[in-house]
Amino acid sequence: MAMTEDGLRALTSLSGVALTRSDLGETLREICRIATRAVPPAEGASITTFPSGRPAALASDDWAQNLDELQFEEHEGPCLDAYRTGNAFRIHDLKSEARWPSYVPRALDQGVRSIMSLPMAAEGSLIGALNLYSRDPQAFDAESASVGEIVAAHAGLASQVSAAFFGHRDLADQLSEAMSSRAVIEQAKGILMAVHRCDADQAFRHLVGMSQNSNRKLREVAEETVKTASTPD
């Protein structure tokens, strides 16, 4: 199976996927949808990751998501082994598969017959696995496996870029929030210093006490102090 024009366009779209999505989870789901288009025999795709050392899945649809999560229950299956070993697994017909005795019958109940699980790497380290599913036996031939490996390589890079992008964006948001909080706290301190004729440390301790007594965040107390002071009697 040579890569089709649609497949090539899908693969090209991986490079900018982070710029069109709102968060990392939705970006990974879009990567799965792109993978399904790039390898036409695939009817669903998932990405297995290991946040905090435990497996988690994001997928193109509920069917692929469930096929991934079935593997987590008994800690066996091709997606887990692809990540553990760094090897690709191509199952031609799940009905003839002797490995993973707990997973196979439950996966067959979900209607899947062919699976490809491909390790995903970034900067030389395994970061997860890309999994492609089909309801037809013998769906993935040698050429589709080659295309799948290209998609997995690009998906690994896109995942890394997306994680860095959203990580930096979250950090920027946190810094912006911190700066905004600091500004309003300084305003509130100035108001308390003027009202109570105290120094900056005493004013800050007063704010902290108000925060603790009301069980609210320090910023909220500061904002209320500023708002009250700016409201005409």
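A compact table of results
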| read-out | value |
| --- | --- |
| Residue ID - modelled with the highest pLDDT, chosen from residues in segment 43-69 that are farther than 15 Å from LEU132 by Cα and outside any strand (DSSP E or B) | PRO55 |
| Sole exception among (1) farther than 26 Å from GLU76 by Cα; (2) at pLDDT 85 or above for VAL104, by number | (1) |
| Residues located in segment 124-144, provided they are among the aliphatic types (A, V, I, L, M) and touching a helix residue (DSSP H, G or I) at 6+ places or on another chain (Cβ under 8 Å) | LEU126, ILE127, ALA129, LEU130, LEU132 |
| Selected residue (only one of SER102, SER46 is over 19 Å from PRO119 (Cα atoms), polar (S, T, N, Q), in contact (Cβ under 8 Å) with a residue 24 or more places away in the chain and in the same structural domain as ALA155 (by TED's automatic domain parsing)) | SER102 |
| Residue tally, condition surrounded by fewer than 15 Cβ atoms within 10 Å (Cβ to Cβ), of a type in the set (A, V, I, L, M) and under 39 Å from the mean Cα position of the chain (by Cα), over segment 186-233 | 1 |
| Residue match in segment 106-113 (condition: in a helix (DSSP H, G or I), assigned by TED's automatic domain parsing to the domain that holds ASP68 and in contact with a strand residue (DSSP E or B) (Cβ under 9 Å, 6 or more places away or on another chain)) | yes |
| Selection status of GLN110, surrounded by fewer than 16 Cβ atoms within 10 Å (Cβ to Cβ) and not β-branched (Val, Ile, Thr) | yes |
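The values are calculated or read from the model by the stated rules, or taken from the named source; none is laboratory data. Owing to the predicted nature of the structure, the values given are computational and were not obtained by experimental measurement. Don't worry about glycine lacking a Cβ; one is built from the backbone with ideal geometry, like all the others, and counts go over all protein chains shown.
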